[in-house]
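Here the structure comes first, spelled out in structure tokens, and everything after it is commentary.
The values are calculated or read from the model by the stated rules, or taken from the named source; none is laboratory data. These numbers come from a predicted model, not from an experiment. Because the Cβ atoms are built from the backbone with ideal geometry, glycine has one as well, and the counts that use them run over all protein chains shown.
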């Protein structure tokens, strides 16, 4: 088989629960799912998550349209596990010291067995592309701020574009970074400020968007992955925005094999950050160049709708 190497890499997170494997991507609940898996322990004390790294390639000998149990697509992207992944430093994970231990924990003989012939149900966690993109962009802004401070020419361009003074720009940005770091709710002034900076990035610095993995499109890789899974009965797809429901609690209790999460679901603060973020994104959409984002996400939204409308999707809304 001849391959044409593609770019960029595909880097999903893999969460092994007692009764299934949850797959998610950057800015689609990684920390939250890791917490649900480790609860009541802290996820950093009992971290079961492993980040996989796939190298994309194109099969030039089989450029034919495929059908995936109602998930029809015309992409020819495939992927294989990067061998370098086996040499990663796993010191941050208390559960595994190397990739072989992780495979054994998942009852898989090798990487292909793990992803294409899983021993348990495999659950793909998705999130609406617009919400995920805005979440990623708000994170990218922090790095953008640091780079702008070291680039006087671009700083002046940003100030002219946003109409902010240098002191005002630095003052509000520090407030933004503090709020973002503490995972607090953004107020109106900060949202208006972020909107101005986002419009500058969307208008002048799209290179920042394309370079960041937290914003990069990924859902078509899920379609390709699902196509290659041998036992389709093990496939499930759920939406992050529906997890906080009673059905979501039942789903994850079954996934864990216990009812420990009942106390977590009954704590009002558990989903406060997730709910507040929705309001932030809706506010940003009203103040930024939504047309630009829509064009960037057009194909990703198509893939999202295919997944949601597939026979594998489980509606967790109450």
Count, please, the residues in the range 143-154 that happen to be surrounded by fewer than 19 Cβ atoms within 10 Å (Cβ to Cβ) and in contact with a helix residue (DSSP H, G or I) (Cβ under 6 Å, 6 or more places away or on another chain). 2
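What residue, among those in the range 244-257 that are touching a residue at least 40 places away in the same chain (Cβ under 8 Å) and outside any helix (DSSP H, G or I), is farthest from the chain's Cα centre (by Cα)? Let's see the steps before the verdict.
Keep residues of the range 244-257 that are touching a residue at least 40 places away in the same chain (Cβ under 8 Å), which gives 245-248, 251-252, 254-257.
Checking the rest, the ones that are also outside any helix (DSSP H, G or I) come to 245, 257.
Values: 245: 20, 257: 25 Å.
The residue in question is 257.
It is to be established whether one or more residues within the range 8-26 are assigned to a helix (DSSP H, G or I), at pLDDT 50 or above and in contact with a strand residue (DSSP E or B) (Cβ under 9 Å, 6 or more places away or on another chain). Explain how you work it out, then say what you get.
Let us first name the residues in the range 8-26 that are assigned to a helix (DSSP H, G or I), namely none.
For the range 8-26, residues assigned to a helix (DSSP H, G or I), at pLDDT 50 or above and in contact with a strand residue (DSSP E or B) (Cβ under 9 Å, 6 or more places away or on another chain): absent.
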Sole residue being in a helix (DSSP H, G or I), modelled with pLDDT of 85 or more and crowded, with 17+ Cβ neighbours inside 10 Å, chosen from 215, 208, 226: 226
Per the filter on the range 230-243, residues at pLDDT 90 or above and assigned to a loop (DSSP other than H, G, I, E, B) are 231, 243
